[in-house]
Amino acid sequence: MNIVLLGPPGAGKGTQAELLQERYGLVQLSTGDMLRAAGASGTELGRQAKAVMDAGQLVSDEIMVGIISQRLDAPDCQAGFILDGFPRTVAQAEALDAMLTQKGLKLDCVVEMAVDEAILADRIAGRAADAGSQARSDPRSDDTIEVVTKRLEVYRAQTAPILPFYKERGLLKTVDGMATIDEVAKSIETVLEVA
Ligand code: ADP
């Protein structure tokens, strides 16, 4: 089963992708995690990506499409994958369509996690505070209120237009992302069962 998780920053895509990975044995492909790893590695490309992320902007379609296309060829993706953070623009969605066809693959379902945007900024601010206070992980450098506001703007302008793209193709299923983690996981399982 090949799935895309869609939703604004802070919607809980990463949390649900991890649960799906455990539940169905799918591979989680988080472009945000991939880019943060590239940033931490200190390569020139990684440094450039980090600067773009820290401004709340999107890394270029060309780079992202290249990263995903290469990653999908790895043997662990054969059992199925969950895309978390990709596609993020209509151009990426079109490129994904073309690359899957070329690889003899297809998407089974696109799950939109619908959330109340007014509450998202609080959630993300909470995530930053938790990371800082528990010293478990460093707060993300793009989780400041200014950058989060920018990321939400970018989501509305560049990523939300993907929703009609998948709706037209009959792939889009929407779940309520404001419920508890367990309830959201249940709703996703339910939509996947009929996908
Ligand atoms: P969130 O979903 O909370 O916004 P992510 O961890 O998915 O965070 O992504 C963090 C940042 O990484 C984005 O704001 C963007 O700069 C960059 N990024 C991730 N995926 C993509 C993508 N598919 N295209 C362009 N930029 C991306």
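The values are calculated or read from the model by the stated rules, or taken from the named source; none is laboratory data. If you're wondering where the values come from, they're calculated on a predicted model, not measured in any experiment. Here the Cβ is made from the backbone with ideal geometry for all residues, glycine too, and neighbour counts use every protein chain on show.
Things to note:
- If you check Leu20, Leu105, Leu83 for being in contact (Cβ under 8 Å) with a residue 24 or more places away in the chain, surrounded by 14 or more Cβ atoms within 10 Å (Cβ to Cβ) and more than 17 Å from the chain's Cα centre (by Cα), only one passes: Leu105.
- Breaking point among (1) in a helix (DSSP H, G or I); (2) touching an Asp or Glu at 6+ places or on another chain (Cβ under 9 Å); (3) over 19 Å from Leu163 (Cα atoms), for Ala118: (2)
- Flag for Ala91 being assigned to a helix (DSSP H, G or I), within 12 Å of the ligand (Cβ to nearest atom) and farther than 14 Å from Ala11 by Cα: yes
- A count restricted to the range 132-142 and to residues that are within 14 Å of Val52 (Cα to Cα) and either modelled with pLDDT of 85 or more or not in a loop (DSSP other than H, G, I, E, B) (or both) stands at 2.
- Selection within the range 54-73 - touching a residue at least 24 places away in the same chain (Cβ under 8 Å) and either within 9 Å of the ligand (Cβ to nearest atom) or of a type in the set (A, V, I, L, M, F, W, C) (or both): Asp54, Ala55, Gly56, Gln57, Leu58, Val59, Asp61, Met64, Val65, Ile67, Ile68, Leu72
- Answer from Leu120, Leu172, Leu152 - the residue that is in contact with a Cys (Cβ under 9 Å, 6 or more places away or on another chain) and surrounded by 16 or more Cβ atoms within 10 Å (Cβ to Cβ): Leu172
- Residue check for Gln92: under 17 Å from the mean Cα position of the chain (by Cα) and not hydrophobic (A, V, I, L, M, F, W, C): yes
- Flag for Asp61 being modelled with pLDDT under 95 and charged (D, E, K, R): no
- Residues in the range 94-115 that are among the acidic types (Asp, Glu) and either outside any helix (DSSP H, G or I) or at pLDDT below 95 (or both): Asp108, Glu112.
- Options Ala11, Ala51, Ala79, Ala38: the member that is hydrophobic (A, V, I, L, M, F, W, C), more than 9 Å from the ligand (Cβ to nearest atom), out of contact with any Cys (no Cβ under 8 Å at 6 or more places or on another chain) and assigned to a loop (DSSP other than H, G, I, E, B): Ala79
- Search result, residues across the range 23-33 that are within 10 Å of the ligand (Cβ to nearest atom) and either free of Cβ contacts under 8 Å to residues at least 12 places away in the same chain or surrounded by fewer than 19 Cβ atoms within 10 Å (Cβ to Cβ) (or both): Gly32, Asp33
- Cβ-Cβ distances below 7 Å connect no pair with a first residue in the range 179-195 that is closer than 11 Å to Asp108 by Cβ, a second residue that is among the aromatic types (Phe, Trp, Tyr), and a separation of six or more residues or different chains.
- Taking residues in the range 157-172 that are closer than 22 Å to Glu117 by Cα and in contact (Cβ under 8 Å) with a residue 24 or more places away in the chain, and partners anywhere that are in a loop (DSSP other than H, G, I, E, B) and of a type in the set (S, T, N, Q), the pairs with Cβ atoms closer than 6 Å and at least 6 places apart or on different chains are Gln158/Thr89.
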